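Below you'll find the structure, written out as structure tokens, and then a few comments.
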Amino acid sequence: CLAWLPDIKKPAPSPTLDEVGKFYTDRTDIGDKELNKCSTTWKDFKKAMGVTTLRDVTPEVVAQWGTAVKKRGLSAKSVHHAFNRVKTILNHFRQTGRCIEDVRHALDCCAVLKAPETTSLDPHPISRANLHKLLSKADNEFKTALMVAINLALYPIDISRMKWSDLDLERGVYAC
């Protein structure tokens, strides 16, 4: 009914892509290296969108960006990380409770981002001689960390987060 027209609320302005990216970089607690990667990926994403607000993002433009990322010769894992960084930044903004519909719209548009399947690994293990050279140069703390990482197949970040409570030395068990 036209009589209700004056009572209809105007929609809130949609957040800008700059605002969403700045919110993430200002309020996240990830390390500098990953923060730099997120910032670089977000800048690339923003540039490819050709729009300024979340409401204006379309699945077609997101798909074009995804295709361009895949054509850069990156590994499947790197492509996967790039796609996830964009979704993480959007989700981080959504958790503020502001403009949930606009963020949900942008995330729905990102559903078209499908990373290629990862290829089988082609490992190049360190030789026994090189391992001994490395260990001969390391102090006891580094030797311990390295041997734990090798034996448990852990990344350096996993070693840095390890707690004594994760280990059962009597049973020889690591419970992550």
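Tell me which residues, restricted to segment 44-62, are of a type outside the set (A, V, I, L, M, F, W, C) and under 19 Å from Phe83 (Cβ atoms).
Asp44, Lys46, Lys47, Gly50, Thr58, Pro59, Glu60
So, Thr88, is that one touching a residue at least 24 places away in the same chain (Cβ under 8 Å) and within 30 Å of Phe23 (Cα to Cα) or not?
yes
Could you check how many residues of segment 41-59 are out of contact with any Ser or Thr (no Cβ under 9 Å at 6 or more places or on another chain) and touching a residue at least 12 places away in the same chain (Cβ under 8 Å)?
The number of residues fulfilling the criteria is 8.
Return the residue satisfying two criteria in turn: it lies in segment 52-68 and is outside any helix (DSSP H, G or I) and surrounded by 16 or more Cβ atoms within 10 Å (Cβ to Cβ), and of such residues it is modelled with the lowest pLDDT.
Per the criteria, the residue is Thr53.
How about segment 14-49: which of its residues are open to solvent by 70 Å² or more (accessible area, probe 1.4 Å) and in a loop (DSSP other than H, G, I, E, B)?
If the condition is that a residue be open to solvent by 70 Å² or more (accessible area, probe 1.4 Å) and in a loop (DSSP other than H, G, I, E, B), then Asp29 is the only one that fits.
Name the residues in segment 21-40 that are in contact (Cβ under 8 Å) with a residue 40 or more places away in the chain and either farther than 15 Å from His92 by Cα or in contact with a Leu (Cβ under 7 Å, 6 or more places away or on another chain) (or both), would you?
Correct list: Thr28, Lys37.
Taking the conditions exactly as written (in contact (Cβ under 8 Å) with a residue 24 or more places away in the chain, more than 15 Å from Gly21 (Cβ to Cβ), part of a helix (DSSP H, G or I) and open to solvent by less than 60 Å² (accessible area, probe 1.4 Å)), does Phe93 satisfy them or not?
So Phe93 does not fit the description; no.
Taking Gly73 as the residue in question, decide whether it is open to solvent by less than 60 Å² (accessible area, probe 1.4 Å), part of a loop (DSSP other than H, G, I, E, B) and free of Cβ contacts under 8 Å to residues at least 12 places away in the same chain.
No: the conditions fail for Gly73.
Please verify whether segment 81-88 includes one or more residues that are at pLDDT 95 or above, among the aromatic types (Phe, Trp, Tyr) and open to solvent by less than 40 Å² (accessible area, probe 1.4 Å).
yes
Exactly one of (1) over 23 Å from Asp26 (Cβ atoms); (2) modelled with pLDDT under 90; (3) among the hydrophobic types (A, V, I, L, M, F, W, C) is unmet by Cys109. Its number?
Going through the list (1) over 23 Å from Asp26 (Cβ atoms); (2) modelled with pLDDT under 90; (3) among the hydrophobic types (A, V, I, L, M, F, W, C), Cys109 breaks only (2).
The values are calculated or read from the model by the stated rules, or taken from the named source; none is laboratory data. Owing to the predicted nature of the structure, the values given are computational and were not obtained by experimental measurement. Here the Cβ is made from the backbone with ideal geometry for all residues, glycine too, and neighbour counts use every protein chain on show. Ligands, DNA and RNA are stripped out before the accessible areas are found, and what is left, the full protein with its side chains, is counted by its heavy atoms. Shrake-Rupley method; radii C 1.70, N 1.55, O 1.52, S 1.80 Å.
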